[in-house]
Amino acid sequence: MNSGLAADRPNIIYIMSDDHTAHAIGAYGGRLAELDPTPNIDRLAKEGILFENAFCTNSICAPSRACVITGQYAHTAGVHDLYGSIEGERQYLAMEMNKAGYETAMIGKWHLKEEPSAFDFYTVLPGQGDYHNPKFRVRGEKGWPKDVVSFDGFHSSDAITDITLKWLKEQRDEEKPFFLMHHYKAPHDYFEHAERYNDYLKDVDIPEPETLWLENQPEFGSIATLGYERELVPHIGTSIGNRNPRRSYAGDLPKMFPKDFPENYDPASYTDEEIQRISYNAYLKNYLRCVKGIDDNLGRLFAYLEESGQMDNTVIIYTGDQGFMLGEHDYQDKRWMYEESMRMPFLVRYPGSIKAGTRTDAIVENVDYAPTMLAFAGVETPEYMQGKSFKEICETGNEPEGWKQEAYYRYWMHMAHHDNPAHVGIRTKTHKLIYYYACNYEGGYQTPPAWELYDLENDPYETVNVYDAPANAGLVKELKSRLARLRQRVGDTGEDYPEVEKVVQEFWNYDGEDRARAIEISSDYLARRTRELKEGTTNDATRLGNQARERIKKERAAKK
């Protein structure tokens, strides 16, 4: 069979799951490695390279995917949040692969709204898509988004793999090398796995993170994440247990996964600690069942590549679109700049040039993924891409001279959906500085601003905020300067949302006056949240944020 090679260029498969965090992959050696839910993914690490410091620049679906498809930071691509989109003429990665003679395909979760028209072939989930009986949008006579195919009786992970296998076997042009983006919906919240995994991990107590219990971390966080004298603990960050009255897995999961709760479960019969532990186990079991479904399907994909002689002639990449909080600090979902959310798994297998069993702590960002894949295809990074190829790191395990020593992060969706304050920050190999400027797109709906600094060498789980330690005054000054320069380098200058930038600058120095104002804001926000909960407007931040964004969008359009 034709191997799919042309001019000695490899095929490239970019596999991305949704919310699959690095510490839920055996090869990363986290607390869940003993459960080994990912032997096929682990194979990529054993036979290729594992990146220990791969980071997303905004831990939310659409911005992360925009970074990958454009090679640009999300703010440059104009995808600050979940409502952004990338039209066909800006789907740069596919466009450059096409120009290089590759046949291109996008299969699975797309989540960038516009038709993936730059690809030769696509079959994509509409929006978030369904776990069971999924429908997919395809290219057809009716035009996007009207042409749809249904996979009744299928789980989405199985259907996506079937679509990819059919394309590889029957539909692609074997005279060309191929570039395939193979994207799973799983293990996105709420973790609806295939029924065959109902008993997987059924009788297992899932290892808990050291940081599951927020009350046991007196030096974690700041007034931004806890409130003044911890008064906002119930309202910042959605929870595993009963902490957040608006949204918690303790409230959501018993209705969705009763099989993983005690028979005739009545939370009134349990302590808060018992409820949190029961909810945590239900959460992790269903998450890992989705992960297991991905890994088993990758076993099917890899088997076909072996049988068809294409396994070793294909650059195979596995990653997630961001990390995910698996109970750390009693948080669910992603969005945070904390390690479990910011770090992405990133594994590459290509025996043609990558030595088996390589690991690297080089810092790479998802904005670098497109340039790296283009480099494997023999294409130089276009000037309009902000990312840099790390193909050399893949092949040598060493950082080239002048390689970046810091990662940038910016989360914009202030207090939307999962009650996360807006923040920006810098991550080096040894430290992380987070600045919660904490406002929406108009500079309003404020929560208390604050800074957090973590020493990642001595405190890898980020339990002690050392921003105010006198010994760190020089380090804080240095990292703030580096963050300011980094913002300029990546083009996040504040011009797109000037009212936000005013707040960013207002609390940048964080002197005594700023701290006193933060205490006032904490009190004001507590009163507001109490009122919202009483009135039932429990997601007012999302509503106001949407209104602000649409208003600013119309104002910009009018100026043009």
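The values are calculated or read from the model by the stated rules, or taken from the named source; none is laboratory data. Keep in mind the model is a prediction, meaning the values are calculated, not measured. All Cβ positions, glycine included, derive from the backbone under ideal geometry; neighbour counts span all protein chains shown.
Structural remarks
- The stretch 48-83: number of residues that are under 20 Å from His418 (Cβ atoms) and surrounded by fewer than 19 Cβ atoms within 10 Å (Cβ to Cβ): 2
- Lone qualifier among Gly101, Gly140, Gly127 - being of a type outside the set (A, V, I, L, M) and closer than 20 Å to Ile13 by Cα: Gly101
- Qualifying position, being more than 29 Å from Thr57 (Cα to Cα) and loosely packed, with under 12 Cβ neighbours inside 10 Å, among Glu532, Glu513, Glu495: Glu513
- The helices (runs of 4 or more DSSP H) falling completely within the stretch 1-87 that include 1 or more residues that are outside the structural domain of Tyr190 (by TED's automatic domain parsing) map to 39-46.
- Single residue of Met373, Met385 found to be closer than 30 Å to Pro351 by Cα, surrounded by 23 or more Cβ atoms within 10 Å (Cβ to Cβ), touching a residue at least 60 places away in the same chain (Cβ under 8 Å) and in the same structural domain as Ala54 (by TED's automatic domain parsing): Met373
- Residue among Ala159, Ala186 that is within 24 Å of Lys259 (Cα to Cα), surrounded by 13 or more Cβ atoms within 10 Å (Cβ to Cβ), among the aliphatic types (A, V, I, L, M) and in contact (Cβ under 8 Å) with a residue 12 or more places away in the chain: Ala186
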